[in-house]
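Taking it in order: structure first as structure tokens, then the write-up.
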Number of protein chains: 2
Amino acid sequence: MQKYFIEQDKLKAGIIDTDDAFHITTVMRSKIGDQILVGDNSKTYLAEIKSLSNTLVTFEIIEERTGNYEMPVFVTIFQGYPKGDKLEDVIKHGTELGASEFIPTIMKRSVFKLEPKKKASKLERFNKIAKEAAEQSFRTIIPSVPDIKYLKEINFDGYDVKILCYEESAKQGEASNFKAAVKNLKKGDKVAVLIGPEGGIDDSEVEYLESKGFVPCALGPRILRTETAIFYALSTISYEMELK
Amino acid sequence: MQKYFIEQDKLKAGIIDTDDAFHITTVMRSKIGDQILVGDNSKTYLAEIKSLSNTLVTFEIIEERTGNYEMPVFVTIFQGYPKGDKLEDVIKHGTELGASEFIPTIMKRSVFKLEPKKKASKLERFNKIAKEAAEQSFRTIIPSVPDIKYLKEINFDGYDVKILCYEESAKQGEASNFKAAVKNLKKGDKVAVLIGPEGGIDDSEVEYLESKGFVPCALGPRILRTETAIFYALSTISYEMELK
């Protein structure tokens, strides 16, 4: 059973009239009387389907669903803009793994030109992927992808912990910075995790990020692809903070 | 700089005459005098390129390269056969994250028919992906994909720890089995990690796996896709055993 995020007024009215109606009716092959989860970015309810078609599903709320599906820290992923569709994988799996926010970050070695005309449609697509992954993974909130930024435009103030995933640290055998940072996390902390694009992080960028309070960290001894690094970072934060 | 895995006799002779010659010459645009890493499944050497073309690269070994890039435990991933190309992603990223072996496992809810004719070419492709990912991530060994098996054909004896990634555990709020298993790992342990296909694991399969010593574990409170679960399992084993 997956959660469908819907707007407040439609939640009150008990209707789903977006693409989700098609998903419920045709993809999931739901029937009248089946249960679904509905909600907004703060609450989740168990509901029963009262009628359905590809364009309109009506439901009745049975009860509020409690349970905590959100990380106890707010993790923003600053992903050095990678090639091809990798950013979509990062957003999809990163959402499952509990990230709160993604900022696609254009860095020196990003092979990507920001075409202002295409920015809005790209952001729309990224946010759609985040919504679908949030629904599928039982998230209470949908992580946001508010903007695509150049590294130097970003304001890194306000983060309690700043982790720079850095492959040169791995090559040099550094093996304690990441664990020290994760072990020290406290509930409610705002965490920035920055990962370079495929070509890595330019020396001048490392220097700049260190001046902003980032700690270069190796994520184990092997060299991870850019899209694999955030899986490692998010999984281990969950392991440290969510498992007993 | 990435490692090229080559056969013993060619390592001695100092030649690379496989697809890797094309990779070194045309993809990496290496030049005479550039350094590369070469080796077999036990050793890695720093070498200097002496001549190159798309079909033949010759090199001279400079020195043996030490450093430990392998997990201190042997992890076999039993991946419930998923749809589409997901298995390739599991092998690619799982190799970066330190897995030793992958057994694509046909389970009740796998939407996959094993066509005997295609098995050999599938295994060839999977092993090629593992080799490339091992080279890119500095692995000393190439993980193997020895066979595609039906669940009931597999012999699970000989594993010290058997982890069943189970989404029903996550839904029920179980949050301690996985961490307990990982915390108890000892250097040299053989670990089996089993993950169901997209549709999940059938109740009868859960029962069967429990009878074989598997412990059902939630990987955090969110529901992970089948391909995301192994990223979580491998990352956290690395975090626990490889980071200080």
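Tabulated data for the structure shown
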quantity: Kirkwood-based Rg to Rh ratio, the stretch A:3-64, C-alpha trace; calculated: 0.91
quantity: 1.4 Å probe accessible area per residue over chain A, in Å²; calculated: 45 Å²
quantity: For the stretch A:194-200, Karplus couplings with θ = phi - 60° (6.51, -1.76, 1.60), whole Hz, Gly/Pro x; calculated: 10, 10, x, x, 3, x, x
quantity: Listing of the stretch B:172-187 residues, each with accessible area lower by at least 50 Å² in the full protein assembly than in the chain alone (probe 1.4 Å); calculated: B:Ala175, B:Lys179
quantity: Value of [θ]222 nm, deg cm²/dmol, for chain B, DSSP H segments ≥ 4, -39500 (n - 2.57) each, nearest 500; calculated: -9500 deg cm²/dmol
quantity: Modelled FRET efficiency - R0 56 Å, A:Asn68 with B:Ser42, Cβ distances, 0.05 increments; calculated: 0.75
quantity: Estimated FRET transfer efficiency when R0 is 35 angstrom, pair B:Ile61-B:Ala180 (beta carbons, to 0.05); calculated: 0.20
quantity: Unsatisfied cross-links (Cα-Cα over 28 Å) in the set A:Lys131/B:Lys162; B:Lys43/B:Lys179; A:Lys113/A:Lys186; A:Lys86/B:Lys122; A:Lys131/B:Lys171; calculated: A:Lys131/B:Lys162; B:Lys43/B:Lys179; A:Lys113/A:Lys186
quantity: Selected from B:Thr55, B:Thr44, B:Thr95 as most flexible by GNM, with chain B as the system and alpha-carbon contacts under 10 Å; calculated: B:Thr55
quantity: Averaged over A:224-234, number of beta-carbon atoms from partner chains that fall within 10 Å; calculated: 5
quantity: Chains B and A together, accessible area buried on both sides, 1.4 angstrom probe, square angstrom; calculated: 3900 Å²
quantity: Accessible surface of the protein assembly as shown, 1.4 Å probe, proportion on carbon and sulfur as whole %; calculated: 49 percent
quantity: Mean-position separation - Cα centroids, the stretch A:108-147 and the stretch A:223-244, in angstrom; calculated: 20 Å
quantity: Whole-Hz couplings from phi, Karplus 6.51/-1.76/1.60, listed for the stretch B:154-168; x for Gly and Pro; calculated: 7, 9, 9, 5, x, 8, 6, 9, 10, 10, 9, 7, 9, 5, 5
quantity: Mean-position separation - Cα centroids, the stretch B:21-55 and the stretch A:1-55, in angstrom; calculated: 56 Å
quantity: Debye equation applied to the C-alpha atoms of the stretch A:28-87, log10 I(q)/I(0) at 0.23 Å⁻¹; calculated: -0.91
quantity: Amide H within-cut-off set for B:Glu198, under 5 Å, with H built and near neighbours excluded; calculated: B:Lys83
quantity: With DNA, RNA and ligands ignored, accessible area of B:His93 (1.4 Å probe; Å², nearest 10); calculated: 10 Å²
quantity: Partners for A:Lys108 among lysines (Cα-Cα distance below 17 Å; same-chain residues under 8 apart left out); calculated: A:Lys83, A:Lys149, A:Lys152
quantity: Compactness index (Cα Rg / 2.2 N^0.38 Å), the protein assembly as shown; calculated: 1.01
quantity: Cubic angstrom per residue, convex hull over Cα atoms of the stretch B:74-242; calculated: 107 Å³
quantity: Placed amide H near B:Phe78: partners under 5 Å, 5+ positions off or other chain; calculated: B:Ile103, B:Val193, B:Leu194, B:Ile195
quantity: Gaussian network model of chain A, springs between alpha carbon atoms under 10 Å - residue of A:Ile141, A:Ile36, A:Ile77 with greatest fluctuation; calculated: A:Ile36
quantity: Chain B: relative contact order as a whole-number percent, Cα under 8 Å and 6+ apart; calculated: 21 percent
quantity: Modelled FRET efficiency - R0 41 Å, B:Glu7 with A:Lys86, Cβ distances, 0.05 increments; calculated: 0.80
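The values are calculated or read from the model by the stated rules, or taken from the named source; none is laboratory data. Since the structure is predicted, the reported quantities are computational estimates derived from the model, not experimental observations. Because the Cβ atoms are built from the backbone with ideal geometry, glycine has one as well, and the counts that use them run over all protein chains shown. Remember, those area values only see protein heavy atoms, side chains included, never the ligands or the DNA or RNA. Shrake-Rupley method; radii C 1.70, N 1.55, O 1.52, S 1.80 Å.
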